[in-house]
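The block underneath contains the structure these notes are about, expressed in structure tokens.
The values are calculated or read from the model by the stated rules, or taken from the named source; none is laboratory data. The model shown is predicted, which means the values in this text are computed figures rather than measured ones. Heads up, the Cβs are rebuilt from the backbone with ideal geometry, glycines too, and the neighbour counts pull from every protein chain shown. Ligands, DNA and RNA are stripped out before the accessible areas are found, and what is left, the full protein with its side chains, is counted by its heavy atoms. Shrake-Rupley method; radii C 1.70, N 1.55, O 1.52, S 1.80 Å.
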Amino acid sequence: MSSIAAYYAGKNVLITGATGFMGKVLLEKLLRSCPEVKAIYILVRPKAGQSTQERTADMIKCKLFDQVGEDCPDFEEKIIPVSAELTQPHLAISPDDAKRLLSCINIVFHCAATVRFDEPLKYALQLNVMATQQLLVLARQMQYLEAFIHISTAYANCNRRYIEEIIYPPPVEPKKLIDSVEWMDESIIQEITPKLIGDRPNTYTYTKALAEYVVQQESSNMNIGIIRPSIVGASWQEPFPGWIDNFNGPSGLFIAAGKGILRTMRATNDAVADLIPVDVVVNLTLAAGWYTAVHRPKTTLVYNCTTGGINPFHWGEIEYHVVSSFKRNPLEQAFRRPNANITSNYLINQYWITVSHKAPALVYDFYLKLTGRKPRMMRIFNRLHKSMLLLEYFSSQSWEWTSDNVNMLMGQLSPEDRRVRTFHRALLS
Ligand SMILES: CCCCCCCCCCCCCCCC(=O)SCCNC(=O)CCNC(=O)[C@H](O)C(C)(C)COP(=O)(O)OP(=O)(O)OC[C@H]1O[C@@H](n2cnc3c(N)ncnc32)[C@H](O)[C@@H]1OP(=O)(O)O
Ligand SMILES: NC(=O)C1=CN([C@@H]2O[C@H](COP(=O)(O)OP(=O)(O)OC[C@H]3O[C@@H](n4cnc5c(N)ncnc54)[C@H](OP(=O)(O)O)[C@@H]3O)[C@@H](O)[C@H]2O)C=CC1
């Protein structure tokens, strides 16, 4: 058994955000690669009329869990859903559940967050900062806690071009901001948000930066690790290639391009597209949990989980691969044949948006109306243009991240662990 799997044997793990894109992959990899893990507690909120238990039962039926179902048929018994709502006081965890968590949890992986770029600041603060504070309060009381791993983002400090594996001073003292928004009504907060976030593009990166600072300041004597993934894409190898379950980041735009909807996008051809497969991020996250608990670094280690400095890929190449992939494997019910082009020129982009997005949409909606059907293309394009505007910031420039801690962590792995938990070889090949 690899030393990392040996470490997780007999341990009780807590994961927040386990129903999310990364959380699911983390849960699955932990169950499959560390079969001796004792239990994995997952904080799941009731949602859309489904209870915590029902959501969990549904979740583990998805294809992602097929392999672990074959390898460890009793894996479901290790998953213990705990009802929680992270924006509520005490995370809306019942006293009994809290008592149970305090008495047994050894490692915490905090993945839960709102990743929306257009999230109102108050909600983003509640979920990305205040919920993290609440979780730290809980973690500090855990009698057998050995490591607390916080998932941040490589773009938390995207207002800097060169980003080191350190926690930068926050744009504002979190407590002051939280106290202020407490009494302000939404309209005032909305008005001052652009001034508050300053040279960051959205409330997401702003609150993730605040959360890192909170983790550092409120971790008291806990062993903490912070993971900063860049743009997390579909799985590279595990449990099978190509798994993804959302339209976030570039994924939705790739689909829109494959459907022949997206024909133009503002991006810089030679800007680095820092994409990283979700299984590579999860491998690094589990390794960091092991290292933090076993080696107990004196300071909080930050891991820039990025690829641009190791095996750079560019948006111009993305355009080529996305279009050629969908030409080889066409999507069903495509609006047109895929033919997306990226340009850094605003006017050229605006021209193509008019000619190859809006005009066809108007014509097609007119045809739908004539044939007694509900027009829908303009609405789809409006949603697409909103996504594109929010994502352009990330595709029109490059960043440089240091990776000394990631390299150090890789160096600490046994040969067996390097085989099982690829998070470097993949990037070097
Ligand atoms: C050649 C190509 C070049 C590409 C070049 C790309 C450059 C791309 C750089 C990215 C760089 C990220 C860098 C930070 C990476 C992190 O650190 S965080 C993780 C990433 N986070 C994100 O990507 C969040 C971005 N997304 C958002 O903020 C919101 O989705 C948006 C963009 C504001 C859109 O919000 P919205 O209009 O309210 O739409 P939303 O509620 O998201 O979805 C509504 C429905 O439309 C669907 N939908 C949403 N988006 C899409 C879509 N794009 N397509 C289809 N359906 C969609 C949803 O599934 C949903 O369906 P239902 O659930 O209603 O059935
Ligand atoms: N995807 C990416 O490209 C990147 C992601 N990250 C970070 O990784 C982490 C996970 O991201 P990702 O998996 O993409 O995000 P998802 O949006 O897929 O998942 C978010 C998770 O948080 C949970 N959550 C949201 N709100 C609440 C709430 N109020 N109470 C309880 N749980 C809640 C969601 O639960 P529910 O199912 O109930 O909604 C879900 O499990 C985040 O911290 C993000 O910042 C960092 C860099 C890149």
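Divided by 2.2 N^0.38 Å, where N counts the residues, the Cα radius of gyration of the stretch 220-262 comes to 1.70.
Computed from backbone phi, the HN-Hα couplings of the stretch 276-292 come to 9, x, 4, 6, 5, 4, 5, 4, 5, 5, 5, 5, 5, x, 4, 5, 4 Hz, rounded to whole numbers (Karplus: 6.51 cos²θ - 1.76 cosθ + 1.60, θ = phi - 60°; Gly and Pro given as x). As a ratio to 2.2 N^0.38 Å, the alpha-carbon radius of gyration computed for the stretch 112-196 takes the value 1.24. Heavy atoms of the protein chains alone define the surface here; on that basis the chain has 46 Å² accessible area per residue at 1.4 Å probe size. Length, then width, then depth: along the principal axes, the Cα atoms of the stretch 56-182 run 48, 35, 29 Å. For helix 315-328, what angle does its Cα long axis make with the longest principal axis of the chain, in degrees from 0 to 90 and rounded to 10? Between helix and principal axis, roughly 80 degrees. Between Leu102, Leu370, Leu413, the Gaussian network model of the chain with springs among Cα atoms under 10 angstrom shows the greatest mean-square fluctuation at Leu370.
Taking 15 Å as the straight-line reach from the Cα of Lys386, the aspartates and glutamates in range (excluding those fewer than 8 positions away in the same chain) are Asp118, Glu119.
Distances between placed amide hydrogens fall under 5 Å for Asn341 paired with Thr264, Met265, all partners being 5 or more residues away or on another chain. How much of the calculated P(r) for the stretch 142-290 lies past 26 Å, in percent of all Cα pairs? Tail fraction, whole percent: 42. Subtracting the Cα-Cα distance of Tyr367 and Gln333 from 0.36 nm times their residue separation leaves 10.5 nm of extension gain.
Considering only alpha-carbon pairs that sit under 8 angstrom and 6 or more positions apart, the relative contact order computed for the stretch 251-352 is 55 percent. Counting lysine pairs in the stretch 10-95 whose alpha carbons fall under 23 angstrom apart, excluding pairs fewer than 8 residues apart on the same chain, gives 20. For the chain, the Kirkwood hydrodynamic radius from C-alpha pairs, put into Stokes-Einstein at 25 °C and a viscosity of 0.890 mPa s, yields a diffusion coefficient of 108 µm² per second. Here the contact order of the stretch 25-156, divided by its residue count and restricted to Cα pairs under 8 Å and six or more residues apart, works out to 24 percent.
For helix 359-370, what angle does its Cα long axis make with the longest principal axis of the chain, in degrees from 0 to 90 and rounded to 10? Around 80 degrees separate the two axes. Between Ile188 and Leu102, the simple label model (points 7 Å from Cα in the Cβ direction) yields a spacing of 3.6 nm.
Within the accessible area of the stretch 83-166, the carbon and sulfur atoms contribute 50%, probe 1.4 Å, all protein chains present. Computing Rg and the Kirkwood Rh from the Cα coordinates of the stretch 367-410 gives a ratio, Rg/Rh, of 1.46. Contact order for the stretch 338-429, expressed relative to its length and based on alpha carbon pairs under 8 Å spaced 6+ residues apart, stands at 16 percent.
A 19 angstrom limit on the alpha carbon distance is what I want to check against. Which of Lys99/Lys208; Lys176/Lys208; Lys175/Lys298; Lys122/Lys176; Lys99/Lys175 exceed it?
Values: Lys99/Lys208 29 Å; Lys176/Lys208 16 Å; Lys175/Lys298 26 Å; Lys122/Lys176 13 Å; Lys99/Lys175 27 Å.
Check vs 19 Å cut-off fails for Lys99/Lys208; Lys175/Lys298; Lys99/Lys175.
For the residues Asn382, Asn159, Asn248, a GNM of the chain with alpha-carbon springs under 10 Å puts the largest fluctuation on Asn382. GNM remark for the chain: springs join alpha carbons under 10 Å apart, and the peak mean-square fluctuation among Ser33, Ser395, Ser180 falls on Ser180.
Where does helix 186-197 land angle-wise versus the long Cα axis of the chain, in degrees 0 to 90, nearest 10? With rounding to tens, the tilt is 80 degrees. Can you send over the carbon and sulfur percentage of the accessible area for the stretch 170-286, probe radius 1.4 Å, protein chains only? In the stretch 170-286, the share of accessible area belonging to carbon and sulfur is 54 percent.
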